[in-house]
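Readers should treat all values here as calculations from the given coordinates under stated rules, not as data from a laboratory. Small disclaimer: the values here were computed from a predicted structure and weren't measured. Positions of Cβ are generated from backbone atoms using ideal geometry, with glycine treated the same way; all protein chains shown enter the neighbour counts.
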Amino acid sequence: MATGVLLLSLIFAFLLSNPPPSSAQQQPLKLSSFNFSNSPWRPTQNQILLSPNSVFAAGFRSQPSSPEHYTFSVWYHNVSEQTIVWSTTGNLSVNGSAALVITASGQLHLNDSSGRNLWPQNASGNPNSTSLHLSRDGNLIYSNWQSFNVPTDTILPNQNINGSRITSKNGKYSFSKAMDLLFDSTDSYWTAYKGNAFQKLNDSGTLVQANGGSFVTADLGDSRWRRLTLDDDGNLRIYSYDPDQRQWVVVWKAIQEICKVYGTCGPNAICISDGQNSSTSCVCPPGFRETLGGAKEKGCGIKIPINIPENTKFIRLDYVNYTSGGSNTIGVNAKNLKSCEASCHNNTKCLGFGFKYDGQGYCALQLERLIYGYWSPGTEAAMFLRVDKSETDETNFTGMTNLLETTCPVKISLPLPPEESKTTRRNIAIVCVLFALELISGVGFFWGFVKKYIKYRDMAQTLGLEFLPAGGPKRFTFAELKAATNDFSNLIGKGGFGDVYKGELSDHRVVAVKCLKNVTGGDPEFWAEVTIIARMHHLNLVRLWGFCAEKGKRILVYEYVPNGSLDKYIFNRGRGNFTESDEMEMDPVSENGQNPILDWNVRYRIALGVARAIAYLHEECLEWVLHCDIKPENILLGDDFCPKISDFGLAKLRKKEDMVSMSRMRGTRGYMAPEWVKMEPITSKADVYSFGMVLLEIVTGTRNFEMQGSKNSEEWYFPGWAFEKVFKEIKVEDILDRRIKHSYDSRAHFGLVDRMVKTAMWCLQDRPEMRPSMGKVAKMLEGTVEITEPRKPTIFFLGDD
């Protein structure tokens, strides 16, 4: 008996110290389907409906702000952030007494406490055989009813959009007809490219359009969970779940500048975003102040009401735009700023006007209301706001238009000539005598030069040195170069023109010695061509110091460029190398064993220096020179990363049969202009095309032919892809070098990158006559000439002849 009492006491004590887990702590009951026998399903029951792959779950979810209320939802299961992708009747919730039931007639009902059915649309089936289940792709299905047909704020991969309408959780924004983003269901602030509706988001990250076009995500091809969601801030985004970070990351968004979304700020206010477009603030323009009680809309009201329209003035706001559109905006053809201002001043309903300083006569009047205002460096027009003349506020939105008013008038006056005096005749006589003496001495010096020239010419002909002009490059002996390079032992480069060795001359200068191969002509022709190359002096050209021509050898001696070629800095290590490269340093590295990553300013300076050097070869040399092989391997970098082009002028030294083979058969893949393949006449525009491809690679940090290989499409074209991203999708960030993409600041780098991309598009036109000259290319990069929007580059062998 005592033993039994002791045993019961131990069991009771164990139960007190280890109580059974509550229902909140227990794992939910997992159902594969919900049928008539499971009915009713109440919110307080701890159970969920699970998809076959366990990716999605469905069931009652309590509201974060009100745990006693529930929505029947579908969400991603077993992720750190269980994201809801569908809910019944939007955000309407039910209390704990509600129930999901399958009636005796087969109807699927979500009954609230009053018995009202909240299930969206009619869902009916056979009560004995029909069940509610969740598919692998997150589609909740009951007979012919599907949740994919009644989306809320999210579209899942492989869900047919088919013109469906999704609405943000706050109800302010909607995505209508699968192509228009609307504010308050009326005002459109974004439309899909060319008005082509979205059809489907694929598993690979491609957003397919109705016309066969598409948008692609930043993680294209990766196997990840994705969703297309209309967020409460009005932007349409594609999210991808990163399993390493255990969070959702944005891989595509419709609007890059969040302030362009309507309704971000209230009437009259101006929306300003931070540099990352992650947060916004609403400020009032000069002459306005925050409205009382308007914190919700963040609106502004005018300080001094305009009672007399004639007694007004205009305050200029640079980079500001009010995009109300519709009947509130009318266009006026104005010849100049004064004409546009007069049009607004004479209209009593006009509250301001937008004007462009482009000479095209753009003038837009804003009538009756100012809404959806935003500030952006990409705004081409300046906004002129109408206020009362007594307003003392000054503009705090200033930009480049201020430069138009910085010219100061300068008065220049010349002294009156002195009155003619008696000394005039004497001065004229002195000048004439001096002129005669100079003329006589000049003739004497010229005659002495001719006699000396004839004497030395005869001596040069005797010694065979008549083809070595004075002041030309130094002529080295083969023995000198052999000793300088330690018997040609330090090989630093190989290429189509020959091998390159590093050496040190007797005066301790470090040089790069290039041993040429397949060189045409004899010694006189070779000396003449080398002399022409040596006379090409430019900051961005590799300097030729001398040559050697003996024992059948043809050798050039260049200055040594320590930092090697450009490709080592803009492309990742481990990528394939050109067999035709001729760089003067094989693999320069920094102290930590890796090449430094060039920032945007250095890349811009490199591009501008290369353009100026090619323009010098094409337009400023006494003899017109084509390079014929512009590529990153032939662009060398000095100590301060000053670019220097190598191998210029060497095309003339090749044998004719080798030139034909090189140009028609073995050109550097990815950089040859279309006319090389089409057997058309070769002009300087061939170098322009090659430079355009290099310029695009400097921006993207990727080789053009490697991008072609990664896309697995013969019709995919690197320049065409970049054009679509920049000029059609307005997503310049998608083409930037990912290694320095984080350092891209639209305010600091927009002008540089924009000029580089637009210039590259012009250089890559398939017809030579469409490309600019290299002189104009340099000015386009400098920003001294206007760059119009280019035509989309096409694959030359698919284009019109």
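Using a cut-off of 22 Å between alpha-carbon atoms, which lysines can reach Lys30, once sequence neighbours fewer than 8 places away in the same chain are excluded?
none
Using only C-alpha atoms and all pairs of different ones, pull out the Kirkwood radius for the range 286-391 in Å with one decimal.
Every distinct Cα pair counted, the radius reaches 14.2 Å.
As an exercise, take the mean of 1/r over every pair of distinct alpha carbons in the range 108-153, invert it, and state the Kirkwood radius in angstroms.
11.7
Order these peptides, 224-230, 29-35, by their mean beta-carbon neighbour count within 10 angstrom, highest first.
224-230, 29-35
Taking θ = phi - 60°, what integer Hz values does the Karplus form 6.51 cos²θ - 1.76 cosθ + 1.60 yield along the range 726-743, in sequence order, with x for Gly and Pro?
Rounded to whole hertz, the list is 7, 9, 9, 8, 6, 10, 4, 5, 5, 9, 6, 4, 4, 5, 10, 4, 5, 8.
If you rank Phe60, Phe478, Phe175 by fewest surrounding Cβ atoms within 10 Å, what's the result?
Lowest count first: Phe478, Phe60, Phe175.
Radius of gyration and Dmax for the range 306-354's Cα atoms, expressed in Å?
My reading of the Cα-based Rg and Dmax gives 11.2, 29 Å.
Students often check this: by mean Cβ neighbours within 10 Å, which of 608-619, 492-503, 441-452, 727-738 ranks highest, and how do the rest follow?
608-619, 492-503, 727-738, 441-452
Label-point separation (nm) for Phe750 and Asp244, each offset 7 Å from Cα along Cα-to-Cβ?
3.2
Once you place label points 7 Å from the Cα toward the Cβ at Ser37 and Lys303, how far apart are they in nm?
7.7
Sticking with the crude label model, points 7 Å out along Cα→Cβ, report the distance from His742 to Leu491 in nm, one decimal please.
Each label point lies 7 Å from its Cα, and together they span 4.0 nm.
Rank the residues Glu675, Glu620 as a footprinting-exposure proxy: fewest other Cβ atoms within 10 Å of their Cβ go first.
Fewest-to-most ranking of Glu675, Glu620: Glu620, Glu675.
Report the calculated FRET efficiency for Phe478 and Val450 (r = Cβ-Cβ distance, R0 = 45 Å), to the nearest 0.05.
It comes out at approximately 0.75.
How large is ³J(HN,Hα) for each residue in the range 118-131, as worked out from phi by the Karplus curve 6.51 cos²θ - 1.76 cosθ + 1.60 (θ = phi - 60°), to whole Hz, x for Gly and Pro?
9, 5, x, 6, 7, 10, 9, x, 8, x, 8, 10, 8, 9
Given a cut-off of 19 Å, name the pairs among Lys169/Lys200; Lys260/Lys758; Lys494/Lys514; Lys200/Lys260; Lys517/Lys568 whose C-alpha atoms lie farther apart than that in the structure shown.
Beyond 19 Å: Lys169/Lys200; Lys260/Lys758; Lys200/Lys260; Lys517/Lys568.
Could you tell me the extents of the range 29-259's C-alpha atoms along the three principal axes, largest first, rounded to whole Å?
50, 40, 35
Normalising by the residue count of the range 75-200, find the relative contact order in percent from Cα pairs under 8 Å and 6+ residues apart.
14
Given 0.36 nm per residue, what is the gain on full extension from Glu525 to Ser441 after removing their alpha carbon distance, in nm?
Between Glu525 and Ser441, full extension yields 26.5 nm more.
How big, on average over all directions, is the shadow cast by the Cα convex hull of the range 170-244, in nm²?
5.6
Just add up the charged neighbours of Pro643: K/R +1, D/E -1, any other residue whose Cβ is under 11 Å from the Cβ of Pro643.
Residues near Pro643 contribute +3 overall.
Long-range amide H contacts for Val261: which residues qualify at under 5 Å (H placed 1.01 Å from N, peptide plane, sequence gap of 5 or more or a different chain)?
Answer set, sorted by chain and number: none.
Convert each backbone phi in the range 763-773 into a coupling constant with the Karplus relation 6.51 cos²θ - 1.76 cosθ + 1.60 (shift: θ = phi - 60°), then list the ³J(HN,Hα) values in order as whole Hz, x for Gly and Pro.
Once θ is set to phi - 60°, the couplings for the range 763-773 become 5, 9, 5, 6, 8, x, 5, 7, 7, x, 6 Hz.
Looking at the range 138-207, I'd like the Rg to Rh ratio, where Rg is from alpha-carbon atoms and Rh is Kirkwood's inverse mean 1/r.
0.99
Return the long-range amide H neighbours of Leu92 (sequence gap of 5 or more, or a different chain), with a cut-off of under 5 Å between placed amide H atoms.
Excluding prolines and chain starts, which carry no amide H, there are no hits.
Please list the non-local residues whose amide H lies under 5 Å from the amide H of Trp545, H modeled 1.01 Å from N, same-chain partners needing a gap of 5 or more.
The list, which skips near neighbours in sequence, is Val557, Tyr558, Glu559.
For Lys678 and Glu550, calculate 0.36 nm times their separation in residues minus their Cα-Cα distance, and state this gained length in nm to one decimal.
Length gained, Lys678 through Glu550: 42.1 nm.
How high is the relative contact order of the range 29-259, in percent, with contacts defined as C-alpha pairs under 8 Å that are six or more residues apart?
13
Taking R0 as 25 Å, what FRET efficiency do you get between Ser105 and Glu68 from their Cβ-Cβ distance, rounded to the nearest 0.05?
0.20
How large is the translational diffusion coefficient of the range 213-279 in µm² per second when you combine the Kirkwood radius over alpha carbon pairs with Stokes-Einstein at 4 °C and 1.567 mPa s?
Result for D is 95 µm²/s.
If the reach is capped at under 17 angstrom between alpha carbons, list the lysines near Lys303, excluding any in the same chain fewer than eight residues apart.
Answer for Lys303, where 17 Å is the Cα cut-off: Lys313, Lys389, listed by chain and number.
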